[in-house]
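Below: one structure, written as structure tokens.
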Amino acid sequence: MLARLHNDHKHIAILLNILKNKQQRLQHGEAVNFNLIRDIVEYMQSYAEHSHHPLEDLINEFYIQTHPEEALEKQLGEEHHNLIESSTSLMSTLNLILSDVPVQNETLSQALKEYVEAQRNHMMYEEGKLFPIWEAGMTEAQWQEVADRCQEKLICDPLFSDDDNLLFEELKEYLAKADD
């Protein structure tokens with residue numbers, strides 16, 4: 001389960017690097033592919049916010065229940081909530097742009113910058129603090145119990161899996177070209 005979360009973070013980091021690049025191009029007045037940016041944010045909303053984060057929340061809740069003596073803060077849930085609000089706001093701005101409503105480049109650039117920073121800080125918190133606590137504090141049997149509970153939240157990654165899912169096809173093509 002933890003390996004899957006680490007793997008998701010590697011994939012998310014790739015997408016955040018693309019967003020950071022697009023943000024810097026916007027900041028310098030260069031043209032960007034708004035559809036690509038929208039596809040990345042849509043992926044984050046459809047996969048990260050509806051599968052990845054709920055898995056983390058479920059693991060964290062399980063850990064808190066099985067380790068009541070530890071005062072594990074509620075920061076994880078708060079950050080997930082804030083990231084949902086941030087992606088919703090960013091998507092609204094992107095939809096305005098894609099509907100030919102004038103939006104200043106600086107507005108989108110700043111929103112992208114804040115979104116990327118929030119996502120990166122969130123992953124650093126998880127990788128640096130939460131994941132090591134979970135790994136050290138849970139037995140193999142507890143991980144299996146968590147895995148059983150997580151089955152309903154597990155979905156196949158629509159972007160980084162090998163299935164024939166046509167969702168995010170343009171983004172997959174972009175990533176394939178970036179690897180060349």
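Just so you know, all these numbers are worked out from the coordinates, no wet-lab data involved. Predicted model only: the values in this text are computed from it and were never measured. Here the Cβ is made from the backbone with ideal geometry for all residues, glycine too, and neighbour counts use every protein chain on show.
Residue pairs whose Cβ atoms lie under 8 Å apart, separated by 6 or more positions or on different chains, with the first residue in region 122-148 and without any contact (Cβ under 8 Å) to a residue 60 or more places away in the chain and the second in a helix (DSSP H, G or I) and of a type in the set (D, E), are H122/E79; Y125/E79.
Is region 42-53 home to any residue that is within 18 Å of V116 (Cα to Cα), in contact with a helix residue (DSSP H, G or I) (Cβ under 9 Å, 6 or more places away or on another chain), of a type in the set (S, T, N, Q) and in contact (Cβ under 8 Å) with a residue 60 or more places away in the chain? No; the residues of region 42-53 include none that is within 18 Å of V116 (Cα to Cα), in contact with a helix residue (DSSP H, G or I) (Cβ under 9 Å, 6 or more places away or on another chain), of a type in the set (S, T, N, Q) and in contact (Cβ under 8 Å) with a residue 60 or more places away in the chain. Give the residue that is farthest from the chain's Cα centre (by Cα), with candidates limited to residues of region 88-124 that are among the hydroxyl-bearing types (S, T, Y) and more than 22 Å from H50 (Cβ to Cβ). Selected residue: S99. Annotation note: of L108, L83, L96, the sole residue that is of a type in the set (A, V, I, L, M), part of a helix (DSSP H, G or I) and closer than 26 Å to C150 by Cβ is L83. Since E56 meets every condition but one in (1) of a type outside the set (K, R); (2) touching a residue at least 40 places away in the same chain (Cβ under 8 Å); (3) over 16 Å from Q144 (Cα atoms), which condition does it not meet? Here E56 clears every test but (3).
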